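Single-structure report; data block below.
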Amino acid sequence: MGSAVDPRSPFDSPRPPASPPAPPSSLPRTPSRIAESSSTPAVRQPSFRGEAGTLFGIHIVNVLFTLGTLGLYYFWAKTRTRRFLFSQTEFAGDRFAYHGTGRELLIGTVKALLVFGVPLLALHVIRERIEVPTAVKIAVGLVSSAVGFSFVPVAIVGARRYRLSRTSWRGVRFSFHGRTWPLMKIFIRGTLLSFVTFGFYYPVFLVRRHAFLVSQSYFGTERFDFSGQGRDLMEHFVRAVLLTPFTLGLYWFWWTARKRRYLWEHTRFGEARFRSTVTGGALLRLHALNALILVGTLGLAWPWVKVRNIHFAYRYLSLLGPLDLERIQQQAQFPSATGEALAGFFDSGFDLA
Amino acid sequence: MPTDWPAAYLDGETAIRHRAIVRLMREGLEVTPAGGRTRLWPYAQVRQTQGAYAGEEVRLEHGGQMPEVLVVRDLRFLQSLHELAPEFSRRFHNPARRGRRLQLTAVAAGAVIGLSAMMYLWGIPLLAAQVALRVPVAWEEQLGKGVVDHVASPARRCRDPQLVAAIDTILGRLTAAAPRSPYTLRVYVVDMPIVNAFAAPSGSVVIFRGLLQRTDSPEQLAGVLAHELQHVLQRHSTRAIVQHASSGLLIAALTGDVTGPLAYGLEAARVLGHFRYSREAETEADTEGLKMLLAARVDPAGMIAFFEPPKDTADKHEESAADKYLSSHPSDRDRKATLTALVSRHPTQSVTLLPGENWRELRYACGAPGTSLQESPR
């Protein structure tokens, strides 16, 4: 900061205390604050302001550059698209912002290739190309399965950590504090028990995974909360498994809608809670028309489909109840410090997509 | 031009949005949050992170990892900034250039769509044909063997000596007139009522009993055989594999990698692309097969007659454009028209195939005699 004026000087009015939260009826405390939280209606919906045509323009230039650089531009293309999509998403009068860079994505992918691609390739060569005893081949096969299996939770945690830490709203960043090992345990347990119970454990697995991902997510200092239980979805899941084959797969849309409603309705942020009103019929109509659009244009109309999907998602999603934004502070450590070397290695910007 | 603009100010420490006034100065932005102290952001330290696309607000950041943020809704703010501090114009988006950028984007769109269409219409088929020629025959044989063992397993093959001899005669006649091929051509008749025939990679043609029984003359069978042999000689299966992979790459390049439900829609688009290539291959097998017949002096009328639609369905409906688009084969009507036109251009003297053989008996030599011809519709 070279300027004579201190850019970080506090306001004349002291910062409000972290607690207790504002009473619901109070007006904004200082005239400087734009009216919000307690005085606005308690139902908030995100909205998307962008035009598919603009996205198509970004996309088409991306395609041209990606082709011209033999694919290297892909990472910057992805970043440009995300930045546009985030900055066109508005919630409570403010846009989101995406802070990731193409360079970070490239490094993340190289890391993933080094940590997973190279060992898997080496194991493959040992198993397929080199003359080794069968016992060694079996052992190598098991090791490569384990490496492949562990890739999923590592990628999920890495990607979520990266994306949330690069997302902000009102200048405050999101973050993810979950570690890889707890999710790995959820995966191992979930996979084994789903297998042993002929798939009936699946809803519990699904909800546990979701609970881990949501409840370790933060906006500034405020944590998201998830209170769902897998057993609540069990009956719906069994019905979906039984009915889907007899409805030519169509019933799956109703299960998906049911699942989404459940997961959102058990997600809280401070005093506020989410609500989803999505229905199976609406999901079915959305996907049927999307498929038609994509097929008819051989995929070229992808931006329109993307924007349709975003509008759809926001139409059925809302946040109810008081939103005490004054309590929320920027997270002091950014991005969150990590412990042991390997976890730190994974946790810093490991993102493939 | 006004120098004072209403804005929203975010301090980078809390999620509270403050009203602010931003004043454009020569050296930087003077930011005054309502009720707060004025601070100066030198232009060289300000980053514009949003506001380059239609509908976006102008977002300016100042500071390190958790910057202060200024959001200005009015796009004319940027115009004023460019007028007042042109030496910093590279740091900020210039709305005056939007029209030009839109033109460039339109040109890019034209280029991408044109290039993709060219790739799809000519590039991929050409690439596939070239690659197919270079694929080792041993590799194709390995692939073909698996297919033939699965569909035409030895237990299901017809071994009636008279029939085998008759088919060998037709095959010999057709191949004698054709250029040398790297494949060992074989024909298997399988005892199944399906009315179909196909060519596996590496030179094996499989004919099902149902199709054999539907032929009225050896010339008709020769027509079918010539068609299938051309699939082999033109390496259509290998080409299809290359085309499938390349069209997948093309769609991936056009759409970015799309996962989830989008992927299904894209896969369907890819299958439609595959149908088009497949229809082209069928047409090629028809015309090249007909030329093979003519070269072998086999009467082409048999082949043409074989595509005559069954009488009861012939006039039922005109094929719609969608029907054509959604089919992996050209319609019988189109095939017949193509072949008839080709024959009229190359009139030849034909000889009778298999003189002295009773074709009615021979075609029932596989499977139980008297099996209905209408077992499965074509």
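Nothing in this text is a laboratory measurement; each read-out follows from the coordinates by a stated rule. Remember, it's a predicted structure, so these values are computed and weren't measured experimentally. Here the Cβ positions follow ideal geometry from the backbone for every residue, glycine too, while neighbour counts run over all protein chains shown.
Can you tell me the equivalent ellipsoid semi-axes for the range A:159-242? Use √(5λ) from the Cα gyration tensor, largest first, whole Å.
That gives 30, 14, 9 Å for the three semi-axes.
With +1 on each Lys and Arg Cβ and -1 on each Asp and Glu Cβ, and nothing else charged, work out how big the dipole of the range B:196-261 is about its Cα centre, in Debye to the nearest 20.
Here the range B:196-261 has a charge dipole of around 80 debye.
Determine the dipole magnitude for chain B: charges of +1 sit on the beta-carbon of Lys and Arg, -1 on that of Asp and Glu, nothing else is charged, the reference point is the Cα centre, and the result goes in debye to the nearest 20. Mind showing how you got there, number by number?
Details: 43 positive and 40 negative charges, 177 e Å.
Charge dipole of chain B: 860 debye, to the nearest 20.
Please rank A:PHE253, A:PHE237, fewest neighbouring Cβ atoms within 10 Å first, as an exposure proxy.
Result, fewest neighbours first: A:PHE237, A:PHE253.
Where a Cα-Cα gap under 27 Å defines reach, which lysines qualify for A:LYS78, not counting those fewer than 8 residues away within the same chain?
Straight-line reach from A:LYS78, under 27 Å: A:LYS111, A:LYS306.
Which one, B:ALA226, B:ILE304, B:PHE275, projects farthest toward the positive side of the charge dipole computed for the range B:214-305 from Cβ point charges (K/R +1, D/E -1)?
Of the listed residues, the answer is B:PHE275.
Roughly how many nanometres apart are two label points built 7 Å out from the Cα toward the Cβ at B:GLN103 and B:THR283?
With each label placed 7 Å out from Cα toward Cβ, I get 4.0 nm.
For A:ALA272, list long-range residues whose amide hydrogen, built 1.01 Å from N in the peptide plane, is under 5 Å from its own amide hydrogen.
For A:ALA272, whose amide H was placed from the backbone, there are no distant partners under 5 Å.
Would you list which lysines come within 24 Å of B:LYS291, measuring only between C-alpha atoms, while excluding same-chain residues fewer than 8 positions from it?
Those lysines meeting the cut-off are B:LYS336.
Assigning unit charges at the beta carbon (Lys, Arg +1; Asp, Glu -1) and nothing else, what dipole magnitude in debye, to the nearest 20, does the range B:91-146 show about its Cα centre?
The calculated dipole for the range B:91-146 is roughly 720 debye.
Using only Cα atoms, find the angle between the long axis of helix B:236-255 and the longest principal axis of chain B, and express it within 0 to 90 degrees, rounded to the nearest 10.
10 degrees
What is the distance, in nm, between label points placed 7 Å from the Cα along the Cα-to-Cβ direction at A:PHE198 and at B:ALA96?
7.4 nm
Which order results if A:ILE126, B:ILE113, A:ILE60 are arranged by neighbouring Cβ count within 10 Å, fewest first?
Fewest-to-most ranking of A:ILE126, B:ILE113, A:ILE60: B:ILE113, A:ILE126, A:ILE60.
Evaluate E = 1/(1 + (r/R0)^6) for A:ALA122 and B:GLN65, where r is the Cβ-Cβ distance and R0 equals 45 Å; express this FRET efficiency to the nearest 0.05. Don't skip to the end; give the middle numbers.
Details: r = 38 Å, r/R0 = 0.84.
That gives a FRET efficiency of 0.75.
Which residues among the range B:265-281 fall inside the zone where the amide N is under 13 Å from a point 7 Å beyond the Cα of B:LEU326, along Cα→Cβ?
Inside the label zone: B:272.
Among DSSP bridges having both ends in the range B:24-118, what percentage is antiparallel? Round to the nearest 5.
Roughly 100 percent of the DSSP beta bridges within the range B:24-118 come out antiparallel.
Just going by the charge dipole of the range B:28-173, with Lys and Arg at +1 and Asp and Glu at -1 on Cβ, which of B:PRO86, B:ALA54, B:ALA165 is farthest out on the positive end?
Value computed over the given set: B:PRO86.
At 37 °C and 0.692 mPa s, what whole-number value in µm²/s does Stokes-Einstein give for the translational diffusion of the range B:1-120, with Rh from the Kirkwood sum over Cα pairs?
207 µm²/s
Can you give the FRET efficiency to the nearest 0.05 for B:LEU121 and A:ARG239, using r as the Cβ-Cβ distance and R₀ = 41 Å?
Once the sixth-power term is evaluated, E becomes 0.30.
Please compute the Cα-Cα pair-distance distribution of the protein assembly as shown with 20 Å bins starting at 0, giving whole percents from short to long.
Spelled out per bin, shortest first, that is 13, 36, 30, 16, 5, 0.
Across every pair of different alpha-carbon atoms, what Kirkwood hydrodynamic radius in Å does chain B reach?
Every distinct Cα pair counted, the radius reaches 26.5 Å.
Label 7 Å along Cα→Cβ of B:ARG297; the range B:158-196 residues with amide nitrogen under 13 Å?
The answer is B:173-174, B:177.
Before anything else, pin down the relative contact order of chain B: Cα pairs under 8 Å, at least 6 apart, normalised by residue count, whole percent.
13 percent
What ranking do A:ARG127, A:ARG208 get, fewest neighbouring Cβ atoms within 10 angstrom at the top?
Ascending number of Cβ neighbours within 10 Å: A:ARG127, A:ARG208.
Looking only at B:SER344, B:SER278, B:SER246, which one moves most when chain B is put into a Gaussian network model with springs between Cα atoms under 10 Å?
B:SER344
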